[in-house]
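Read the structure below first, then the notes.
The values are calculated or read from the model by the stated rules, or taken from the named source; none is laboratory data. Values in this document were obtained by computation on a predicted structure and should not be read as measured data. Here the Cβ positions follow ideal geometry from the backbone for every residue, glycine too, while neighbour counts run over all protein chains shown.
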Amino acid sequence: MPSDVQSQSWEDWVRTLIAAFAETRKGTRVLPIAEEALHACPGNGAILLLAATAALFDEQPERAQTFLKRFAKRFVPTRPYHLVSALTLAQHNRHDAARTLLKQHDLQDFFSALMVFPGGVERREWLMKWHDAILRPARRAVPLQPEFRNRKAKQRPPKSLTAPRQSAARRAAAAPVAGAAVTPRRGLPRVDVDITFTTEFDSAPLIAALAGPPEPEGGWYRLRESLAHLGLAQGFDELLCLSHLRGIESFWYQIETVRKVLRQFRGRVLLADEVGLGKTIEAGMVLKEYLLRGMIESVLVLAPASLIGQWHEELETKFEIPCSTTQDALFRSDPDRFWQGRRIVASIAAARRSEHARRLLARSFDLVIVDEAHHLRDRASQSYKLVDSLNKRFLLLLSATPVQNDLEELYNLLTLLKPGIFKTLKDFRAEYMKPGKPRQPANPERLRELMRSAMIRNTRAVVALKLPRRHAATIRIEPSEAERHCYGELAEAVRRFASASEGHGGRERLALRHLLGSAGSSPAAAAATVRRFAERHPENSDWIGLAERWSLQDGGGKEAQLLDLLRRNPAEKKLVFVHYRETLEHLAGLLARENIAFARFDGSLSGAEKDAAIAAFRDDVPVLLSSESGGEGRNIQFCNTLINFDVPWNPMAIEQRIGRIDRIGQTREVFVFNLVSRGTLEEQVLALLEEKISMFELVVGEAGAILGSIEDDRDFSDLVLDAWLEVTESARHGAFEEIGRQLDAARGQHEDAKVLDEALFGEEFEAA
Amino acid sequence: MSELREFVSGVLERRGAVVETCEPDGLNVLLPGPLQDAMRWREFECLDFRGAQAELSDPRRAIRIGLEGDWLEQFGALLDEHGRWAKRELALGDAPAAPGAPERMLGHALDLQNAVWRLQGQRATTARCLVLAIRYTAISDEKREGLVWVGFNRQTGAVLDSIVAKLLPGMRESEWPASDSSVHIDTESRQESALLATRLGPLLEYRVRQELDLFLRAMRRRFERDRARVHAYHDDLWAASQKRLALLANAPGEKAEADRKREQMRAAAVEREYRSKIDDLRHNYALRVKLTWVQALDLYLPVRRFDLLIRRRKGERRIALDWHPLVRMAEPPPCDWGIGLGTTRVVCDDKLHLTEPEGQSPCTECGKPFCRACDHACPRCESKKS
């Protein structure tokens, strides 16, 4: 087969086949083209249906039957499938069965049939011939068809009320008594029905087999058992990924979602679960399933900058899928090599920049996942254009609030998944939008019907998920005079350095971030970080002096507060998060001195040591002293108290910490304590997050949705650092005010979107 | 796709091919003539199971095998009818031969509501069991497929589902020693037919319902939502019609009479339309489950067999109840009516049938209690619905 044929995508093949159907009038066979298409895309549903249609055009119903059987094994039969099945039956001269099938699926009307016919309108005469052939006997026998009787009944008054031959009793019941008042009944009586469940089992082959001798060894038996399992896996009834998940419990609605994405949506879907239900897990499961089946090789995850770390960690620890991210050094040092990677997690803001977009568009991906996909709502945006232009086979869009402002956003998102689903924007506006009311659908039922073909939305109500209550307290500690002085001195030095080295790139900025972050964590961390910085900048002796002054500070108020918290309710397990290694070391020494038993968990441990630390925390010790990676991919829901000894500036990192214990499966109330020293940047960060977005009351996952609106290619921690680096007090105040205003607006927009989406979608799109 | 590779390798080897694994995820196969014809392959082929990865590098022009396409059908055809009916014996190994406190164990395993039992004796023996794998295909507005395993003790008649569920994972992992195939008693197959005819159908329906529980619940939720929507729509139309009728109720004259009739006809039409829509819904949501037998296993298990004497009034009956040391579980007591998965049994007066409590409940038509194992219909009113 020529290489250009091999490289065609399934969409190309669909176009080729439809063109062949349209051009071929007489004599030319289309089945060979269809066979070729199937060879290139063997399991594709659209190609299978077109191939079955091609076989019928060439009058080879047996071949059509084979394709249809293959389709039914993998996908939920749809109306086009039923139509092609009926035509196949007709070519087998089984007109009665074909007629029944058309009737069952409401395809007796020729135009209804033409609308779903995979062969296209060019072949309408061919369709009309066969459609007519199937229905001809039925049309002669119209009076026998119950629906036709019903239609007639609708058209003329029922006999019981008009015909003179009606029974006296019925007449009496029907005619109102003259002069008597007619009391309206309470309501239309409900018809009580339930789903019928019928089983069909032919035991004859079993009984016949049991009459013979059994095979004495199990080789064949085991092969048949394997065949049965593989048969289920082929139709996605059995998922291969479930046994490969690490440290997560998958829930029934997630499994149903994955099945639907694979089988019904064929890998192109908008996952719009409510916040907290695990869209990332669902997308990860789909990704893993495709990888295990060998159906994909290259993957691109596009997410807001602040979620990159989370995606990276989840893919690596929960799904064992290593990937490179735009936070890696390679991204900056050798972008060409970076974008050639097979599994990439990228910030969408970075990816859409022209120098990167150019590289991305030059290659193809088997699967593209876009997190917080409501950022693609504007089709004029660079993000939308990038995702639209990417060469991709499967596409998962993730958003809890896909529609933020008006219905056109829905048009844009679903058109990305299923081009043409709503025809043109003009058609969409005319058909589904009320003039002047962009948020109200004009034809909600039809709109929902279409959305069902491209979207899944699980809600907490449907999956009966109850999240535990969360209580958060921020303890603001007054630092000692010396510590306050050191912090102030450091902050000023950092500001001076920042304004002097403006334009010197990201490395210095990262260093400044570490300086301030470590000072917010503990004097031990600050002393070590300032010392390292001083070694890199020997030209300025101030830094050495500063490092020395930090090293003279003791732990102060934060340590005392921590010990107090740990001693309260000692039977309860407590997870203490620390960002800086020096702080961790220092606290380990402190707890040892204070005779508080603890386990330690940090990135330097091996996998087995990490497991042992978690086991010790579960079974023996009341405290787990943990670095940022604490509990990643491990189940620690037995603990419900978390202490943030230092506070990350990135709210997503805070949420990630909370998410270790406050996740589906946590049955008890969750307690979060944040320790911050007054006058630090951390205090400002917490004040913003608590006051503006009530960070600690949000469901895990919600912060990302809110912050996504204010971040572009810079995450929240960058914004607060910028504000902190403002030289004058008033400029600093103004900058933090501005961030607060943005957060306010983002929260408001998020709340609005939630209400809008709830009204728009309700509980109509759940997976199960 | 290591499972697929192992399966393909196993099938080809059993059909006479020489198979060699090659990394990553491939097979080199040397095929005998008949297999070459069946697969339409050359004598030597390289098979690649890497799916999309194979596209990246394929220097040897290997044949790509995957779950896509009809490969599974082709390899399945090579199995022919093999693997449908096999025999296996499990050894006791290190498992304890008997329960520590038999009387207490039996007290938990057998709950007789209207009779007493006495332990008459116990012995170590081998139970001959039948394990069936059945594939279900449930079709409604969606399709769902799966496998269920059911098991019977061919000697006591007990249902072994939970025991089979515990045994299967270990059986898949462990060696399968060849056994003597000559053990085959024809009379048992006749008993088997009777057992399968009466017990298998209800048990399978119960098991499949269990398996499809979530699927059914989701379907019922959608069904109820659609039903409510259909009702709400027609109720609005009907209420409007009733309101107009109420206004016309006391209006005099021929025109009013005609209007009344027209309105009544409209209301009746709304009712009819509503019923037909509900009928459509019922039809659309009807769940049809097709069950297909996949394979059966003649399983010999070491057991501790307890002989029990059951006394009800003046009648006595002996039954056997097996304790399975491999899973340290007693099987459910024999059951002459009902699925027989629980431990509670009611004993009938005449023939001392052991049935589930519903098997001795009063007739729903006339109220007379009777044994469903003795009579298929109520002996007093002959109602079969009871």
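Restricting attention to the range B:90-127, the residues that are buried (at least 18 other Cβ atoms within 10 Å of the Cβ) and either closer than 30 Å to A:Leu223 by Cβ or in contact with a Cys (Cβ under 7 Å, 6 or more places away or on another chain) (or both) add up to 2.
Does the range A:110-128 hold any residues that are under 21 Å from A:Lys423 (Cβ atoms) and either free of Cβ contacts under 8 Å to residues at least 24 places away in the same chain or in contact with a Gly (Cβ under 9 Å, 6 or more places away or on another chain) (or both), and which are they? Once the filter is applied, which keeps residues that are under 21 Å from A:Lys423 (Cβ atoms) and either free of Cβ contacts under 8 Å to residues at least 24 places away in the same chain or in contact with a Gly (Cβ under 9 Å, 6 or more places away or on another chain) (or both), the range A:110-128 yields A:Phe111, A:Ser112, A:Leu114, A:Met115, A:Val121, A:Arg124.
Report yes if some residue within the range B:142-150 is acidic (Asp, Glu), within 27 Å of B:Glu211 (Cβ to Cβ), without any contact (Cβ under 8 Å) to a residue 12 or more places away in the chain and surrounded by 18 or more Cβ atoms within 10 Å (Cβ to Cβ); otherwise report no. Scanning the range B:142-150, I find at least one residue that is acidic (Asp, Glu), within 27 Å of B:Glu211 (Cβ to Cβ), without any contact (Cβ under 8 Å) to a residue 12 or more places away in the chain and surrounded by 18 or more Cβ atoms within 10 Å (Cβ to Cβ), so the answer is yes.
Of the residues B:Arg272, B:Arg380, B:Arg313, which is among the basic types (Lys, Arg) and at pLDDT 90 or above? Result: B:Arg272 is the single residue among B:Arg272, B:Arg380, B:Arg313 that is among the basic types (Lys, Arg) and at pLDDT 90 or above. Scanning the range A:350-377 for residues that are within 27 Å of A:Leu707 (Cα to Cα) and under 19 Å from the mean Cα position of the chain (by Cα) yields A:Leu367, A:Val368, A:Ile369, A:Val370, A:Asp371, A:Glu372, A:Ala373, A:His374, A:His375, A:Leu376, A:Arg377.
Among the residues here, A:Ala204 qualifies as more than 7 Å from chain B (Cβ to nearest Cβ) and over 21 Å from B:Arg5 (Cβ atoms). Within the group B:Asp280, B:Asp298, which residue is within 14 Å of another protein chain (Cβ to nearest Cβ), buried (at least 22 other Cβ atoms within 10 Å of the Cβ) and not hydrophobic (A, V, I, L, M, F, W, C)? Of the residues listed, the single one that is within 14 Å of another protein chain (Cβ to nearest Cβ), buried (at least 22 other Cβ atoms within 10 Å of the Cβ) and not hydrophobic (A, V, I, L, M, F, W, C) is B:Asp298.
If you filter the range A:416-428 down to residues that are outside any loop (DSSP other than H, G, I, E, B) and in contact (Cβ under 8 Å) with a residue 24 or more places away in the chain, you find that the one that is surrounded by the fewest Cβ atoms within 10 Å (Cβ to Cβ) is A:Leu417. The residues listed here are B:Arg60, B:Arg50, B:Arg84, B:Arg64; of these, the one that is charged (D, E, K, R) and either at pLDDT 90 or above or closer than 30 Å to B:Ile134 by Cβ (or both) is B:Arg84. Reported count of residues in the range B:190-248, each being farther than 30 Å from B:Asp259 by Cβ, among the hydroxyl-bearing types (Ser, Thr, Tyr) and at pLDDT 90 or above, is 1.
Counting only helices (runs of 4 or more DSSP H) that sit completely within the range A:239-354, those holding 3 or more residues that are in contact with a Leu (Cβ under 7 Å, 6 or more places away or on another chain) correspond to A:252-263, A:279-292, A:335-339. Does any residue of the range A:459-472 turn out to be away from chain B (no Cβ under 14 Å), surrounded by 15 or more Cβ atoms within 10 Å (Cβ to Cβ) and not in a loop (DSSP other than H, G, I, E, B)? For the range A:459-472, residues away from chain B (no Cβ under 14 Å), surrounded by 15 or more Cβ atoms within 10 Å (Cβ to Cβ) and not in a loop (DSSP other than H, G, I, E, B): present.
If you check B:Thr187 against the conditions, is it β-branched (Val, Ile, Thr), at pLDDT below 75, more than 23 Å from A:Asp202 (Cβ to Cβ) and in the same structural domain as B:Glu331 (by TED's automatic domain parsing)? Judged against the criteria, B:Thr187 is a match. Considering the range A:268-290, the residues that are modelled with pLDDT under 90 and among the small types (Gly, Ala, Ser) include one that is surrounded by the fewest Cβ atoms within 10 Å (Cβ to Cβ), namely A:Gly276. Scan the range A:177-190 and tell me whether some residue there is under 30 Å from B:Arg144 (Cβ atoms) and either more than 7 Å from chain B (Cβ to nearest Cβ) or modelled with pLDDT of 75 or more (or both). Scanning the range A:177-190 turns up at least one residue that is under 30 Å from B:Arg144 (Cβ atoms) and either more than 7 Å from chain B (Cβ to nearest Cβ) or modelled with pLDDT of 75 or more (or both). The set of residues from the range A:347-371 being of a type outside the set (S, T, N, Q), buried (at least 24 other Cβ atoms within 10 Å of the Cβ) and out of contact with any Phe, Trp or Tyr (no Cβ under 8 Å at 6 or more places or on another chain) comprises A:Ile348, A:Ile369, A:Val370. When you look at B:Arg288, is it out of contact with any helix residue (DSSP H, G or I) (no Cβ under 9 Å at 6 or more places or on another chain), at the interface with chain A (Cβ under 7 Å from one of its Cβ atoms) and in contact (Cβ under 8 Å) with a residue 12 or more places away in the chain, yes or no? Here the answer is yes, as B:Arg288 does meet what is asked. Among what's in the range A:200-259 and is within 42 Å of the chain's Cα centre (by Cα), aliphatic (A, V, I, L, M) and over 17 Å from A:Glu282 (Cβ atoms), pick the residue that is surrounded by the most Cβ atoms within 10 Å (Cβ to Cβ). Per the stated criteria, the residue is A:Leu223. Selection of the range B:132-153 for residues being more than 9 Å from chain A (Cβ to nearest Cβ), in contact with a Leu (Cβ under 7 Å, 6 or more places away or on another chain) and over 17 Å from B:Tyr206 (Cβ atoms) yields only B:Asn153. Of all residues in the range B:210-227, those being surrounded by 14 or more Cβ atoms within 10 Å (Cβ to Cβ), more than 7 Å from chain A (Cβ to nearest Cβ), free of Cβ contacts under 8 Å to residues at least 60 places away in the same chain and not acidic (Asp, Glu) number 2. Of all the listed residues (B:Arg135, B:Arg144), the sole one being at pLDDT 95 or above and in contact with a strand residue (DSSP E or B) (Cβ under 6 Å, 6 or more places away or on another chain) is B:Arg135.
For the range A:724-736, taking the residues that are over 33 Å from the mean Cα position of the chain (by Cα) and in a helix (DSSP H, G or I), the one that is surrounded by the most Cβ atoms within 10 Å (Cβ to Cβ) is identified as A:Trp724. The single condition among (1) farther than 30 Å from B:Asn284 by Cα; (2) at pLDDT 90 or above; (3) facing chain B (nearest Cβ under 7 Å) that A:Ala211 does not satisfy is (2).
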